[in-house]
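Values in this text are rule-based calculations from the coordinates and carry no lab data. Remember, it's a predicted structure, so these values are computed and weren't measured experimentally. Here the Cβ positions follow ideal geometry from the backbone for every residue, glycine too, while neighbour counts run over all protein chains shown.
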Amino acid sequence: MGRDLVSGMRDRSWESDESGQVKITEEDEKDHLLLVNLGELDRLNQAGGHALGDAGLKLTVEQTERVVREILSSLPEYKDERRLAEAYDFYRYAGNDFALNLRGVDQGVAEQIRTRLSYDVARGGVDLSSAKTGVESAPLSVSRVSRADGLDLLNRLETTPQEAGLDNQKVLLEAMFEKLQTLNDVAKNETRLQRMSEKMRGAEADPKTEAEAKQFFEQFMHKALSSMLREPGGSALDYAKLKQVLQAKRAFDVPPAAEWTHFVSERSLDQAFESLKERRAVGRDIELNLAHLVADETLQRVEKFGVEVEFEAVPRSAGDFTAPLQTSGSAELERFASSAKEARAPGELGEAQTELAQVESRLQAARRDYKTGLYGRQVYFETMENAWENKKSVATIAVDMAFLKYFDKEGGARAGDVGIGKTAEILDTLANLFTDMYGAQGVKVEAYRLGGDEFAINVIGGDQDIVKQILEQLRQAESGVGPIPAGPGAKTTYQPEELRFNYGVRQAPDAQAFKQELKEAGIPLKHEGTELENNELTDYLLKLADTEIEIQKGCQRLIMLVERALKVKETGEPGNFETLLAYSQKAIFGQAGSEKVQAWSERLAQSSEYEVTLGEVRGEVIKFVIDQLDQKNLKAEQFRTELDKQIEDAVRHRFFENRIGELEGQISLLEQLLRDKTSQNAKLANELRATQAEMSAIVGLRERIARPGAAPPMPISERAA
């Protein structure tokens, strides 16, 4: 996205007037960026799993494009479909944020689009009924800036981009996004207060709905509203205190009183300012200058903030860290874009060739993730469906990059981008390596970015041994990256962390075998024998892999935090343990997980047989994660069907079998070493006891699963890696 926008800006004139100001043209007034944020994604994920969250993101794209096309096509100049298509581009910006670029659109029309998309009681938000009945719409928070707004900020900088050794276009884009993000923060804050007041106003009118309003606050609004509404030195915000605040500000009046409207505006601006200060706690001089200008102009806050530091324009390798290399997909995108730009031949044939090159470039861009160059979600599904059609084996390795929010919010957005870039590079390198190694045997390996911190590798036509090799290489590559360095906007407290991945693996020799596996697990196929059958199989393959990730993520994160907590106890140095704990709350199931981390680390600190106790703890961690998932699933609306339970049990059965196989291998090796008298020692004996303790816990968990028609455990030799 950034590359596309910067490329477009290079074509404009950078001529200055007599005072040295860059001239702002009518074209600048008509070029806009809109940031579209899908709110309450955590609510969607809880109500319907990641499938509903993904559906919400997809529906956001569809609703945004529908509104844009409806408004533009109502104007005479956009009746031509080609002209309409050239007027806008839509990008996945980050997580649940999307960016919309409007070109040649009058300011009034652009503002009409922003208003239509923004959440309002009457308009509602993104309608989710097509994805799941009974789920409340999700709100959109939308902000807008024009290129003229960005140039105005650029002209007011104390130091010009050239004087700072920076590129005009990139600084302009940074200025636009700084203002855009700040305005969006204001909009999100207003939407949260509006949504909460609606729920509580409804509870005032109908007391039967108060339990629902209270649950909505505690599960989805508590953290954000506590930060926004808590008075300095005041006690923690709970539902009762929130109700007192809203009553005092006359939020329950119909319509809401002007006092409430003013209160919402002021608190939203205050919180957006705190977010801006946090985002720009450190930065280069020109970045801090931009942030101060935005705070003054947009938030009416003139307080100076931020610590000036100098960063490399591009992260470079240093110490244990190796900077991201360009992926083969990014190189391919550049090649197509270059061909499209250079295709300038005279005559009708030349125009056709130019248009063809541009279409090819746009097609490649649509199929790939702009930030990494990896193929996107659409190609991911197409590849598997084609493999089923051609009766080939399919394996998918779902990869979750841990701590993306930590890198983004603590280390600055570039730290998060570096983490994403390194992950993409690792997956792309492995995909190319294994395709080269096994391509002659008909094996195809591809890497994908599915969105945010979600990646995947597909192995088409390969066997379990190849999948196992890829996983081993992936684990080795992960440990060789080194800590991710801070970038612009990092907090002074940021401590670099290494990349960590969680995996979910699912493989089937062909469509028929996978259908049989699903049937044995009690999982029905709605579209068997229809043209949608392969699509359904692909959905199940990914869902099974994703469900395994959730188990693995909880286990790995808890063990990592236990080890960090133990280190704090041993050294007395807190490091970034509390920060990592805060960013792990979802993965470790909140307060229950935090309490377990402290209890397990205390037990290890006091143990005289560390290895044995650690083995016991590992077994207890798996049991805790499974128990917490059971509790979470019982509360989740999507788990009320027998189908969801069958999927969960199928994944757990495979997960337990794989782990038991690994532990059996370790036990066999340790027993062999202990049979050798020269190798006998207490440490090996303790390791054996630890491994046996963990395996005993997993065997007990496996026996809890009751699956109708379940197949017997697979032999170790046949288990997936």
Listing 696, 668 by rising number of other beta-carbon atoms within 10 angstrom, fewest first, gives 668, 696
For residue 367 and residue 297, compute 0.36 nm times the residue count separating them, minus their Cα-Cα distance, and round to one decimal in nm. 21.3 nm
Determine, for each peptide in 508-515, 56-63, the mean count of other beta carbons within 10 angstrom over its residues, then list the peptides with the highest first. 56-63, 508-515
Mean projection of the alpha-carbon convex hull of region 437-575 over all orientations, in nm²? 12.5
Around residue 527, what is the net charge, scoring Lys/Arg as +1 and Asp/Glu as -1 over all other residues with Cβ under 13 Å from its Cβ? -4
Kirkwood Rh over alpha-carbon pairs of region 372-509, then Stokes-Einstein at 10 °C and 1.306 mPa s: what D in µm² s⁻¹, rounded to an integer? 102
Karplus 3J(HN,Hα) series, Hz, for region 19-34 with 6.51 cos²θ - 1.76 cosθ + 1.60 (x for Gly, Pro): 8, x, 7, 5, 5, 9, 9, 4, 4, 5, 5, 9, 9, 10, 10, 10
Could you give the spread of the C-alpha atoms of region 355-447 along their three principal axes, from largest to smallest, in whole angstroms? 47, 37, 22
Peptides ranked, highest mean first, by Cβ atoms within 10 Å: ranges 185-191, 333-339: 185-191, 333-339
Tell me, what is the FRET efficiency for residue 627 and residue 441 to the nearest 0.05, using R0 = 41 angstrom and their Cβ-Cβ distance as r? 0.40
With just the Cα atoms of region 30-115, tell me how far they stretch along each of the three principal axes, in Å, largest first. 44, 19, 19
Euclidean distance of C-alpha centroids, region 127-146 and region 578-613, integer Å: 37
Using the Karplus equation 6.51 cos²θ - 1.76 cosθ + 1.60 (θ = phi - 60°), what ³J(HN,Hα) coupling, rounded to whole Hz, does each residue of region 502-516 give in order, writing x for Gly and Pro? 10, 10, x, 10, 9, 9, 9, x, 5, 5, 4, 5, 5, 4, 5
Burial-style ranking of 393-406, 217-230, 611-624, average other-beta-carbon count within 10 Å with highest first, yields 393-406, 611-624, 217-230
For region 2-308, compute Rg over Rh where Rg is the Cα radius of gyration and Rh is the Kirkwood radius from the inverse mean 1/r over Cα pairs. 0.99
